[in-house]
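Below is one structure, written out as structure tokens; comments come after it.
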């Protein structure tokens with residue numbers, strides 16, 4: 001790996017293309033180095049992981065709405081949409097949109113945390129949609145996905161967005177564009193323009209994940225993937241982008257990050273170096289913010305030591321800056337303590353999550369967020385006894401580059417009414433690659449079979465898994481097999497009215513005719 005220093009350049013201080021971060025990213029994407037077997041295996045794992053959480057979310061309103069938008073854009077050759085019969089194809093940017101929302105809705109797929117946050121599996125829907133549309137081979141798809149992961153992970157290592165209240169999809173747009181370019185084998189210059197365009201149009205604020213969190217939290221990464229597809233299309237037609245996107249005098253670093261005097265260091269593979277960044281990432285065992293994964297495991301471990309939960313006086317979670325300020329009481333979001341809060345908000349409340357995990361001894365992607373679950377009086381009472389504090393050592397470990405030290409958990413101190421204190425700590429989740437029960441292919445398969453049970457038929461489950469097993473050997477006409485089909489009844493009602501269903505009926509009533517799923 002080579003570290004690249006990135007800073008602002010005045011317009012009177014020309015920065016050659018070859019020195020621009022976007023160009024260096026494009027060079028990495030255009031370098032068609034062989035993908036190592038361990039990386040191919042992990043890419044297959046993450047395709048399974050995405051399909052698992054997509055299946056579990058198919059009937060949820062945000063997913064149904066995104067799917068209905070895609071269904072209004074049939075296209076040949078086109079790409080597939082989760083749940084829809086494989087002979088039906090849709091415009092790739094809209095397929096990427098629908099599938100991206102399905103993957104992201106439950107906040108239950110892979111993660112990478114460093115200087116910033118990310119869910120690198122969000123790269124899969126746009127890159128796969130383009131590969132299906134263009135009839136690419138499994139080998140080309142693997143090459144594109146390895147590149148998408150590589151770019152996003154290394155941007156996340158080098159550039160912090162959240163301290164400037166910029167949403168993390170600003171790293172995803174460029175990585176997806178780079179991954180699409182890698183899969184298509186595009187020239188460096190074309191990928192360079194697409195990466196810059198994608199950065200420019202996917203820079204949004206972190207209000208997506210603040211206060212009363214809405215369905216846009218799931219839509220935001222899908223939007224970045226859709227924009228990446230469109231950026232690549234424009235770049236392939238010869239259109240340019242704001243340049244240099246990161247380093248320009250009125251660019252990303254100067255005005256949206258730490259300013260003209262700031263420097264960032266982004267690591268990237270050298271020419272001929274394999275792209276292995278996906279191996280640094282990890283998935284979720286539980287459908288909750290990643291910083292809560294180890295703390296759910298810790299709650300399961302502590303509940304027997306505590307015994308009567310009604311005897312608790314207070315619970316203090318000593319944890320990292322990120323956990324305290326994003327999903328803890330340091331966020332100062334009253335919504336995080338509200339029994340009527342949305343699922344998306346509860347997912348970002350470690351106080352709620354720890355309380356439910358203590359009571360239930362586990363976590364369920366649907367039941368743990370149900371309104372009746374959140375509103376139980378005993379749960380609310382326990383929940384409101386829980387607070388977080390930042391601990392400098394946990395913050396240091398969160399940012400450590402040493403995988404043996406890196407930690408996303410914390411120490412929990414439970415004080416009982418009789419004055420007794422019970423404390424315990426856990427640094428990393430059990431399912432983490434360095435945890436007590438690291439996920440491998442069997443665990444990914446189990447997650448898929450569990451989450452898709454009763455939604456995807458057993459025969460279709462097995463067909464999908466067998467297709468993933470042949471990932472690198474797939475022909476272009478077989479890539480549709482990396483989606484799955486369900487009985488239309490499993491898609492839920494999902495019949496909503498929007499702009500794309502407009503059929504010229506009365507503008508006074510604003511009524512549209514709905515095209516069905």
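The values are calculated or read from the model by the stated rules, or taken from the named source; none is laboratory data. All values derive from a computational prediction rather than experimental measurement. Here the Cβ positions follow ideal geometry from the backbone for every residue, glycine too, while neighbour counts run over all protein chains shown.
Things to note:
Conditions tested, residue by residue: (1) surrounded by 24 or more Cβ atoms within 10 Å (Cβ to Cβ); (2) part of a loop (DSSP other than H, G, I, E, B); (3) assigned by TED's automatic domain parsing to the domain that holds residue 28.
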| position | (1), (2), (3) |
| --- | --- |
| 192 | yes, no, yes |
| 222 | yes, no, yes |
| 245 | no, yes, yes |
| 254 | no, no, yes |
| 258 | no, yes, yes |
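- For the stretch 478-500, filtered to residues that are in a helix (DSSP H, G or I) and touching a residue at least 60 places away in the same chain (Cβ under 8 Å), the residue that is nearest to the chain's Cα centre (by Cα) is 482.
Residue by residue, here is whether (1) in the same structural domain as residue 415 (by TED's automatic domain parsing); (2) in contact with a strand residue (DSSP E or B) (Cβ under 9 Å, 6 or more places away or on another chain); (3) in a loop (DSSP other than H, G, I, E, B) holds:
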| residue | (1), (2), (3) |
| --- | --- |
| 304 | yes, no, no |
| 310 | yes, no, no |
| 314 | yes, yes, no |
| 318 | yes, yes, no |
| 325 | yes, yes, no |
| 335 | yes, no, no |
| 339 | yes, no, yes |
| 345 | yes, no, no |
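- Comparison of 131, 98, 114 shows that the only residue that is crowded, with 23+ Cβ neighbours inside 10 Å, assigned by TED's automatic domain parsing to the domain that holds residue 156, touching a helix residue (DSSP H, G or I) at 6+ places or on another chain (Cβ under 6 Å) and within 22 Å of residue 269 (Cβ to Cβ) is 131.
- Residue list for the stretch 364-387, restricted to those being crowded, with 18+ Cβ neighbours inside 10 Å and modelled with pLDDT under 95: 365
- Residues of the stretch 64-94 satisfying the condition of being within 14 Å of residue 484 (Cβ to Cβ) and within 19 Å of the chain's Cα centre (by Cα): 67, 81, 82
- Whichever residue in the stretch 101-141 is under 9 Å from the mean Cα position of the chain (by Cα) and in a helix (DSSP H, G or I) and, among such residues, is modelled with the lowest pLDDT: 104
- Contacts under 6 angstrom Cβ, first residue in the stretch 6-21 being assigned by TED's automatic domain parsing to the domain that holds residue 160 and surrounded by fewer than 16 Cβ atoms within 10 Å (Cβ to Cβ), partner part of a helix (DSSP H, G or I) and at pLDDT 95 or above, 6 or more apart: 17/23
- Any chance residue 144 is in contact (Cβ under 8 Å) with a residue 40 or more places away in the chain, surrounded by 24 or more Cβ atoms within 10 Å (Cβ to Cβ) and in a helix (DSSP H, G or I): yes
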